[in-house]
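Novice: Have a look at this one.
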Amino acid sequence: MLWSGWGDPAKARELPEAVRTLLHDLLGVRAPAEPAATLSSVRLAPSRLPGSALDALGEITGPAHVGTGHEARVRHARGKSTPDLLRMRAGDGAHAPDAVVAPATHDEVAEVLRVCAEARIAVVPFGGGTSVVGALTPSGDGFTAVVALDLGRMDRLVAVDPESMIATFEPGVRAPEAERLLAGHGLTLGHFPQSFEYATLGGFAAARSSGQASAGYGRFDDMVAGLTLATPAGTLELGRAPKSAAGPDLRQLVLGSEGAFGVITSLRLRVRKAPAEKAYEGWRFASFAEGSAALRTLAQQGPLPTVLRLSDETETMIGLAKPDAIGGGDSGCLVIAGYEGTDVRARAEAAGEVLAGLGGVPLGPEPGRAWAHGRFSAPYLRDSLLAAGATVETLETAGFWANLPRLYDAVRLSLLGSLGSPLVMCHISHVYETGASLYFTVVTAQHGDPVEQWERAKEEVNAAIVEAGGTISHHHGVGRDHRDAYAREIGPLGVDILRAVKDRLDPAGIMNPGALIA
Ligand SMILES: Cc1cc2nc3c(=O)[nH]c(=O)nc-3n(C[C@H](O)[C@H](O)[C@H](O)COP(=O)(O)OP(=O)(O)OC[C@H]3O[C@@H](n4cnc5c(N)ncnc54)[C@H](O)[C@@H]3O)c2cc1C
């Protein structure tokens, strides 16, 4: 993973000429950004990890798995939001941990937490490091030191139960590896977020991730049949039946806890048969409102495709839904409908009848093919845009169908008001019977300090989302960037409940301090 950007540097993308023209003519981008810092020039404070703690941690994991070197600290300094990347490009390593510790088992994790609690060392669980909500950047104030707990060595598929259709994984397995391991059993998780190439199963659970095929396979939290959580106060084993009336479901307290309560060390995940066939196709609707109504009908009355997404007019025009064809988009609003499993033709025809009946025009398989081919490539484009002098960032929310138009308008108006004349694009990519998520992409020219420019806009848009009745996150999580808005969403009593849970599981307050709650 590129330390100051996204993904495999070999897959870096040149900006298409159409995009350069767009940046210049539409957004007023005139000069490229300062060149990015080199890894060795990133500014770090000296490690504060005491020698006694270094020895104690090394005894648990083996000394080779406790790193205080420059590169390891830089690579665990931040997540992958645009402000994260802008700061790393500027050589700012202010939030780098003092050390990186990589345990290999649940017992080692538990021991690391015990040692860190005793020495008042903050611990930040680190999966794929793809958080986009500031979940990996604690302030070390009030702590002896900060360690990143890298889960990359806990990367095994432990067991497959084909009768119950449950696979048991360690948390550090990256999504492509999970799919590869399951493919050997003819199975799939069906979880394909845009961060698929790097994110881990533990991170998906800890941040309540949702993948591009959520209509067919469900959100990640729907897949978690059981889990193990190591906390400074002991171990929680949760989930012993598919459903239970035995009190509140404590799994739900761990899902989305973002390392603030403990470390997920094992996941028992519902799996599905690997699809025999896949087919993706495009449809056009005259407007976002008409397209939304069609998605709502499919979500409420079926038949529901496996992948279902609708771009608004701007996103369709720019062609962002098909990153290989950016700049060559169409008019109206593009729907991508995908079918995975068996009988895909029959299912596509049945859903197609509904879409056509609601004003959809079939565009055939080509837009679906282009979307499927480019589905993981947009993040690479972000690096090129940042280098060219544009800021590009995404944000998301969700709401009930009846409130979705208000939410859509509120977010757009907020971004247009705070950023001058940005490009604001939106799509719906996760649908439910009662509502859907809205996912926005914003592109604007960098003015002055681009981090400050974005963070001011982000604060305003967070307030607008809460005010308009949406949730502050459908799938990115809370971290530090959404913490204040989340507190407004759940109210002071809600925050007190989370605080009480944290105090019980993590009395020394070492677990990812400042994430989720202040
Ligand atoms: C380009 C890009 C595209 C993205 N697309 C999507 C998308 O389509 N859908 C989506 O849902 N998200 C998306 N994300 C956000 C991100 O990938 C998800 O939040 C993902 O769940 C994070 O997984 P990770 O392994 O990288 O976790 P990390 O970023 O390492 O950690 C995320 C949080 O979980 C905690 N954590 C990690 N592992 C554990 C563990 N084992 N136990 C306890 N806490 C843990 C961390 O402390 C942190 O608070 C995207 C991000 C990027 C950069």
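The values are calculated or read from the model by the stated rules, or taken from the named source; none is laboratory data. Because the structure is a prediction, the values reported are computed rather than measured. Using ideal geometry, Cβ is built from the backbone for each residue, glycine included, and neighbour counts are taken over all protein chains shown.
Novice: Write out, first by first residue and then by second, each pair whose Cβ atoms fall under 9 Å of each other, whose residues are 6+ apart or on separate chains, and whose first residue, in region 124-143, is on the phi > 0 side of the Ramachandran plot while the second is within 6 Å of the ligand (Cβ to nearest atom) and among the basic types (Lys, Arg).
Specialist: Hits for this filter: Gly129/Lys80.
Novice: Name the residue that is farthest from the ligand (Cβ to nearest atom), counting only residues in region 107-130 that are over 12 Å from Asp150 (Cβ atoms) and not in a helix (DSSP H, G or I).
Specialist: Filtering first and then ranking leaves Arg120.
Novice: Taking Ala508 as the residue in question, decide whether it is more than 26 Å from Thr130 (Cα to Cα) and in a loop (DSSP other than H, G, I, E, B). Break it down stepwise before answering.
Specialist: Numbers: more than 26 Å from Thr130 (Cα to Cα): yes; in a loop (DSSP other than H, G, I, E, B): yes.
Criteria met by Ala508.
Novice: Also, I was wondering about something else. For region 29-87: of the residues being farther than 30 Å from Val392 by Cα and of a type in the set (Asp, Glu), which is nearest to the ligand (Cβ to nearest atom)? Can you show your working first?
Specialist: To start, the set of residues in region 29-87 that are farther than 30 Å from Val392 by Cα comprises 46-69.
If we keep only those that are of a type in the set (Asp, Glu) too, we end up with 55, 59.
Working: Asp55: 25, Glu59: 22 Å.
Result: Glu59.
Novice: Answer yes or no as to whether Gly435 is within 24 Å of Val307 (Cβ to Cβ) and either in contact (Cβ under 8 Å) with a residue 60 or more places away in the chain or not hydroxyl-bearing (Ser, Thr, Tyr) (or both). Let's see the steps before the verdict.
Specialist: Working: within 24 Å of Val307 (Cβ to Cβ): yes; either in contact (Cβ under 8 Å) with a residue 60 or more places away in the chain or not hydroxyl-bearing (Ser, Thr, Tyr) (or both): yes.
So Gly435 passes the test.
Novice: List every residue pair whose Cβ atoms lie under 6 Å apart, where the two residues are 6 or more positions apart in sequence or sit on different chains, the first residue falls within region 169-197 and is β-branched (Val, Ile, Thr), and the second residue, located anywhere, is within 15 Å of the ligand (Cβ to nearest atom).
Specialist: Listed pairs, sorted by first residue: Val173/Asp155; Val173/Leu201.
Novice: Checking the condition of a type in the set (D, E, K, R), in a loop (DSSP other than H, G, I, E, B) and surrounded by 12 or more Cβ atoms within 10 Å (Cβ to Cβ), which residue from Arg20, Arg48 passes? Explain how you work it out, then say what you get.
Specialist: Details: Arg20 fails: in a loop (DSSP other than H, G, I, E, B).
None of the other options fit; the residue is Arg48.
Novice: So which of Ala260, Ala274, Ala245 is of a type outside the set (Ser, Thr, Tyr) and within 25 Å of Leu113 (Cα to Cα)? Please lay out each step first, then the result.
Specialist: On the way: Ala274 fails: within 25 Å of Leu113 (Cα to Cα); Ala245 fails: within 25 Å of Leu113 (Cα to Cα).
Checking each option against the conditions leaves just Ala260.
Novice: Okay, next question. Are there any strands (runs of 3 or more DSSP E) wholly within region 371-462 with 3 or more residues that are surrounded by fewer than 16 Cβ atoms within 10 Å (Cβ to Cβ), and if so which? Lay out the reasoning, then the answer.
Specialist: On the way: elements: 390-400, 423-428, 435-445.
In region 371-462, no matching strands (runs of 3 or more DSSP E) lie anywhere.
Novice: Check off (1) surrounded by 19 or more Cβ atoms within 10 Å (Cβ to Cβ); (2) in a strand (DSSP E or B); (3) without any contact (Cβ under 8 Å) to a residue 24 or more places away in the chain for Val146 and give me the number that stays unchecked.
Specialist: Tallying (1) surrounded by 19 or more Cβ atoms within 10 Å (Cβ to Cβ); (2) in a strand (DSSP E or B); (3) without any contact (Cβ under 8 Å) to a residue 24 or more places away in the chain, Val146 fails exactly one: (3).
Novice: How many residues does region 91-110 contain that are in contact with a helix residue (DSSP H, G or I) (Cβ under 8 Å, 6 or more places away or on another chain) and at pLDDT 95 or above?
Specialist: Count: 12.
Novice: Taking the criterion of being surrounded by fewer than 24 Cβ atoms within 10 Å (Cβ to Cβ), farther than 19 Å from Ser47 by Cα, under 27 Å from the mean Cα position of the chain (by Cα) and at pLDDT 95 or above, would at least one residue in region 111-120 satisfy it?
Specialist: No, region 111-120 contains no residue that is surrounded by fewer than 24 Cβ atoms within 10 Å (Cβ to Cβ), farther than 19 Å from Ser47 by Cα, under 27 Å from the mean Cα position of the chain (by Cα) and at pLDDT 95 or above.
Table: residues versus (1) within 15 Å of the ligand (Cβ to nearest atom); (2) touching a residue at least 60 places away in the same chain (Cβ under 8 Å); (3) acidic (Asp, Glu).
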{"residue": "Ser418", "(1), (2), (3)": "no, no, no"}
{"residue": "Val424", "(1), (2), (3)": "no, yes, no"}
{"residue": "Glu460", "(1), (2), (3)": "no, no, yes"}
{"residue": "Glu467", "(1), (2), (3)": "no, no, yes"}
{"residue": "Ser473", "(1), (2), (3)": "yes, yes, no"}
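Novice: Would you tally the residues in region 84-98 being touching a strand residue (DSSP E or B) at 6+ places or on another chain (Cβ under 8 Å) and part of a helix (DSSP H, G or I)?
Specialist: The qualifying residues number 1.
Novice: Does Gly172 count as touching an Asp or Glu at 6+ places or on another chain (Cβ under 6 Å) and either crowded, with 23+ Cβ neighbours inside 10 Å or outside any helix (DSSP H, G or I) (or both)? Give the steps one after another, and end with the answer.
Specialist: Working: touching an Asp or Glu at 6+ places or on another chain (Cβ under 6 Å): yes; either crowded, with 23+ Cβ neighbours inside 10 Å or outside any helix (DSSP H, G or I) (or both): yes.
Answer is yes for this residue.
Novice: Only residues that are near the ligand (Cβ under 9 Å from one of its atoms) and among the polar types (S, T, N, Q): list them for region 151-201, please.
Specialist: Scanning region 151-201 gives Gln194, Ser195, Thr200.
Novice: Here's something else I'd like to know. Only one residue in Thr144, Thr188, Thr200 is of a type in the set (Val, Ile, Thr) and in contact with an Asp or Glu (Cβ under 8 Å, 6 or more places away or on another chain), so which one is that?
Specialist: Thr188
Novice: Checking Phe288 against (1) away from the ligand (no atom under 16 Å from the Cβ); (2) out of contact with any strand residue (DSSP E or B) (no Cβ under 7 Å at 6 or more places or on another chain), which test does it fail?
Specialist: (2)
Novice: Give the residue, chosen from Ser418, Ser437, that is hydroxyl-bearing (Ser, Thr, Tyr) and out of contact with any Lys or Arg (no Cβ under 9 Å at 6 or more places or on another chain).
Specialist: On the way: Ser418 fails: out of contact with any Lys or Arg (no Cβ under 9 Å at 6 or more places or on another chain).
After ruling out the rest, the residue left standing is Ser437.
Novice: Filtering region 4-17 down to residues that are in a helix (DSSP H, G or I) and within 16 Å of the ligand (Cβ to nearest atom), which residue is nearest to Gly128 (Cα to Cα)? Write out each step before concluding.
Specialist: Initial filter on region 4-17 (in a helix (DSSP H, G or I)): 9-11, 17.
The next check asks that each one be within 16 Å of the ligand (Cβ to nearest atom); those that pass are 9, 11.
Numbers: Pro9: 16, Lys11: 18 Å.
Looking at the filtered set, the residue picked out is Pro9.
Novice: Go through (1) free of Cβ contacts under 8 Å to residues at least 60 places away in the same chain; (2) under 20 Å from Ala77 (Cα atoms); (3) basic (Lys, Arg) and name the single condition Arg156 misses.
Specialist: (2)
Novice: So if I check each of Gly211, Gly226, Gly202, Gly256, which one is small (Gly, Ala, Ser), assigned to a helix (DSSP H, G or I), touching a residue at least 12 places away in the same chain (Cβ under 8 Å) and touching a Gly at 6+ places or on another chain (Cβ under 8 Å)? Spell out the reasoning first.
Specialist: Details: Gly211 fails: assigned to a helix (DSSP H, G or I); Gly226 fails: assigned to a helix (DSSP H, G or I); Gly256 fails: assigned to a helix (DSSP H, G or I).
Criteria check complete, one pass: Gly202.
Novice: Among the residues of region 226-268, count how many are of a type in the set (A, V, I, L, M), more than 10 Å from the ligand (Cβ to nearest atom) and touching a Ser or Thr at 6+ places or on another chain (Cβ under 8 Å).
Specialist: The total comes to 2.
Novice: Listed residues Arg13, Arg73, Arg87; which is over 30 Å from Leu419 (Cβ atoms), surrounded by 14 or more Cβ atoms within 10 Å (Cβ to Cβ) and charged (D, E, K, R)? First the steps, then the outcome.
Specialist: Numbers: Arg13 fails: over 30 Å from Leu419 (Cβ atoms); Arg87 fails: over 30 Å from Leu419 (Cβ atoms).
Within the list Arg13, Arg73, Arg87, the selection yields Arg73.
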